[in-house]
Amino acid sequence: ISFLLSSCPLLHVRRGHSPSQLEETGGGLRAPGDSVQLSCRGSGFSFGTYFIWWYRQAPGGTLQWVSFTWSSGATEYAAAVKGRASASRDNSQSKSFLFLRALQPQDSARYFCAVHTGTGNPAEL
């Protein structure tokens with residue numbers, strides 16, 4: 001299974017003359033118990049027709065699934081964040097959002113948004 005992933009720095013996947021890309025904002029240093037909102041903006045493809053995934057990776061750790069948002073806006077969450085996470089999307093702005101509250105030390109990680117490319121070919125976006 002292949003995904004178009006984004007974190008800093010951005011991953012660009014070429015499709016014709018314009019790159020398909022996901023760009024994230026948010027994050028930074030937070031205290032335990034705080035909240036944070038992350039956002040992910042897609043460009044170069046039809047954002048609203050794709051499922052949006054959020055993943056995270058702690059330093060030295062493995063990639064961990066956080067949430068999944070259907071094109072309809074319905075969401076699913078990993079057990080580690082269920083009850084503390086809220087994912088949403090605004091297809092008119094090609095954006096996805098992940099809100100995490102009651103932050104815990106184990107939430108410290110780099111967060112990635114991803115779009116499943118179906119066949120593994122990013123050019124299909």
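Things to note:
- Taken over segment 112-125, the residue count meeting the criterion of being touching a Gly at 6+ places or on another chain (Cβ under 8 Å) and either modelled with pLDDT of 90 or more or of a type in the set (Val, Ile, Thr) (or both) is 1.
- Pair list, Cβ under 8 Å, 6 or more apart: segment 24-49 residue without any contact (Cβ under 8 Å) to a residue 12 or more places away in the chain, other residue surrounded by fewer than 17 Cβ atoms within 10 Å (Cβ to Cβ) and part of a strand (DSSP E or B): Gly28/Val36
- Identity of the residue in segment 34-59, closer than 20 Å to Gln21 by Cα and among the charged types (D, E, K, R), that ends up most open to solvent (accessible area, probe 1.4 Å): Arg41
- Residue satisfying all of: in segment 1-16; part of a strand (DSSP E or B) and not hydrophobic (A, V, I, L, M, F, W, C); modelled with the lowest pLDDT among these: His12
- Summed over segment 89-101, the residues that are open to solvent by 50 Å² or more (accessible area, probe 1.4 Å) and either modelled with pLDDT of 95 or more or over 16 Å from Thr49 (Cα atoms) (or both) give a count of 2.
- Identity of the residue in segment 17-43, hydrophobic (A, V, I, L, M, F, W, C) and at pLDDT 80 or above, that ends up nearest to Ser94 (Cα to Cα): Cys40
- Restricting attention to segment 90-103, the residues being in a loop (DSSP other than H, G, I, E, B) and among the hydroxyl-bearing types (Ser, Thr, Tyr) number 1.
- Of the strands (runs of 3 or more DSSP E) contained entirely in segment 17-89, those carrying at least 2 residues that are more than 16 Å from the chain's Cα centre (by Cα) fall at 18-25.
- Which numbered condition Ser46 fails, given (1) within 14 Å of His116 (Cβ to Cβ); (2) polar (S, T, N, Q); (3) modelled with pLDDT of 90 or more: (3)
- Residues of segment 60-83 that turn out to be free of Cβ contacts under 8 Å to residues at least 24 places away in the same chain, open to solvent by 30 Å² or more (accessible area, probe 1.4 Å) and farther than 20 Å from Leu22 by Cα, as a count: 8
The values are calculated or read from the model by the stated rules, or taken from the named source; none is laboratory data. Because the structure is a prediction, the values reported are computed rather than measured. Cβ sites come from the backbone with ideal geometry, for glycine too, and all protein chains shown count toward neighbours. We work out accessible area using only protein heavy atoms, side chains counted, and drop any ligands, DNA or RNA first. Shrake-Rupley method; radii C 1.70, N 1.55, O 1.52, S 1.80 Å.
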